[in-house]
Every structure is written in structure tokens, then in C-alpha cells.
1. Rounded to the nearest 500, what is the 222 nm mean residue ellipticity of the chain from helices alone, with -39500 (n - 2.57) per DSSP H run of 4+ residues and division by all residues?
2. Run down the aspartates and glutamates and flag those whose C-alpha is under 15 Å from the C-alpha of Lys191, throwing out any fewer than 8 positions away in its chain.
3. For Ser156 and Ala176, what does the FRET efficiency come to when R0 = 35 Å and r is the distance between their Cβ atoms, rounded to the nearest 0.05?
4. Helix 106-115 against the longest principal axis of the chain: what's the angle in degrees, Cα atoms only, rounded to the nearest 10?
5. What is the magnitude of the charge dipole of the chain about its Cα centre, with +1 placed on the Cβ of each Lys and Arg, -1 on the Cβ of each Asp and Glu, and no other charges, expressed in debye to the nearest 20?
6. Can you pull the percent of Cα pairs in the stretch 163-311 with separation above 22 Å?
7. Pick from Ala58, Ala139, Ala231: which residue has the top mean-square fluctuation in a GNM of the chain where Cα pairs under 10 Å get a spring?
8. Determine the percent antiparallel among the DSSP beta bridges restricted to the stretch 174-300, to the nearest 5.
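None of the figures in this text is laboratory data; all of them are computed from the coordinates on show. These figures come from a predicted structure and were not determined experimentally. Cβ placement follows ideal geometry from the backbone for every residue including glycine, while neighbour counts extend to all protein chains displayed.
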Amino acid sequence: MTRHRAALVVASLLAIPVTAPGAAAAADVSAAPESTTVILLGTGTPYPSAKNQGPATAVVVGRRLFVFDGGPGVMRQMEAAGLPVRGGPVTALFLTHLHSDHTLGYPDLLFTSWVMGRRAPLRVFGPPGTRRMTEHIVAAWSEDIAVREQGLERESPGGWRADVHETTGGVLYDSAGVRVLAIPVPHGNWKWAFAYRVDAPGKTMVISGDTRPSPALEVAARGVDLLVHEAYPEARLAPEKRPGGEDWPRYMRAFHTSDRELGALAARAHVKRLVLYHIVRMGGADEELLQGVREGGFAGPTVIGRDLDRY
Ligand SMILES: [Zn+2]
Ligand SMILES: [Zn+2]
């Protein structure tokens, strides 16, 4: 897709009120005026780190809880953030793509929430393949399901279920002041990967997931309050000393976005605040990444996201 065409597609999506298949009414809306809080549940990468759990971002609007990606540790991070973990608190889960670092917490969201009293199916939006992944996860834990349902734990039958909606982009949720748009982005040889734009009371934001610089994301991010975007330090990009390591720079450029590229994109999009997450550091310190963003041309507020940060 050309840059111009991608921009047109996103611009039209941003303007149209859509009822896509799977768009659903809010399950639980409080009467009080709602505000929106973004919580970085996990800012990490595949690299296991106690300080950086797997990628997951919560958008809390009143009593509704939207979760973007299910990286490892996601339910423990919900608890650490003071979010409810009992009774199935997640209004909807949106997967950016099916890379394991973004979905290893998906079984956690399915089964831990069940053990914590969930009865209704978990609403899940994701790319083609999400249904198959869900079926395989359920099959993998079939012994656990049988024991918990039929044994003395007496868990609610079927409380582990997911209501899966596969998508190739567009508006997935539009209800009571919250709108979620999936934007196809280029992530190497993945056929489908999405960034998400969320319009919520008092806040607009784009969450990148994994992507190389994306013109469609840039259009969607125009003037948003918050752009939560992946990054790596361009100055550190070099072949690695391991079998296949010579392809590392080529891989990073095809799959991910450098600090300088991100700075240029954020400047063109005039975002109000930039938050870096899912940082493949390659030894780069915070200051190097911030410097890279500035060199790219973005002079606005920029932060290196930490787990449990709130915006
Ligand atoms: Zn990925
Ligand atoms: Zn990733």
C-alpha cells in the first residue's frame, strides 16, 4: 500500500461511524462522568526481566477496562496497578499481533480470570489466527479445565471461554464514548499486525504494538494526546555475534522503529506526548533514546515508559 493510499484509508476510517461485526455495547457503564487513564502494565520485550513485564497496556474508562496485548505477567500487573482481577473485569482484549511476547499472557487472561470468578466469555479482538490460537490454548489446558470443572474446585463451567472476533482492521468497538480502531501496520513478514487508536473521554491515543515506521499509524496519530510507541536505539544497530546475527540490522529495520524514525514520525504527526515502550535496548540508555528522538525532530514531551506508569 502506498503511503498516500494508507493515509486515505485511515483518514476515512477515522471519520466514519462504523458498526463492524463484533462491535458491541458497553457491558458496564457508571453514571458518573468518566475519565480515562492509560496504565502501562508491561513495557518489556521477549527478554525476561523482573522490571519490565511483557507488553500490555490498560485503558481504564470509568468501570470499563480495555487491555491491549497480553504479554507475560499481565494479570499480576493488573493486580499491581490496583485494577480489579475478580469476576472477569476486562471489557475487551485487543491483540496487536500474535508474536509470543505479546500473547504469552493470553492464557493467563483466560484461565486466571476464570479461577478469579469469571463466568462470561472474554471478548477478544485480534488478527486472523486468533481463533486458532485460542482453540489450541484451550486444548492445551483441557486437563486443567476438566479437573477444575468436575473436581472439588467447582469452578463455573465454561467460565474460561473467549468470544473471539478476528479482524483485518477497522473500528472494533464504539460505545458510550469509547472508540477503538485497528490500524494495519507493517511488521516484517507478519501478514497482520495492528496499532490501535483509542478515542475515550478526555483522551486520544495510539498504541503501536510492533511496527516499522507506518504512514497509516502516523495519520491515525495526528494530534493525539498520547502516542505509546515501540523503539530501538538506531546508533546501536549492528550485526550480532551469533549464527544468523548478520541479519539483525535487516530484521530490526523490517520489523521495528528506531528512535530517530520515531522522533520524525511524532514530529510530523504533532503528537502531544510520546511514550516509548517495548524498547529493544541493545545496551542503549534512556538518554540515548531520548537523544535519538530529538535528532529525529520531535521536541515535545517524551518519556521512557516504565511498568505501571500512568497517563
Ligand atoms: Zn512482534
Ligand atoms: Zn514484540
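1. My calculation for the chain gives -8000 deg cm²/dmol from helical runs alone.
2. Glu166, Asp210
3. 0.80
4. 30 degrees
5. Roughly 500 debye for the chain.
6. Across the stretch 163-311, Cα pairs with separations above 22 Å total 40 percent.
7. Top of the fluctuation ranking is Ala139.
8. 60 percent
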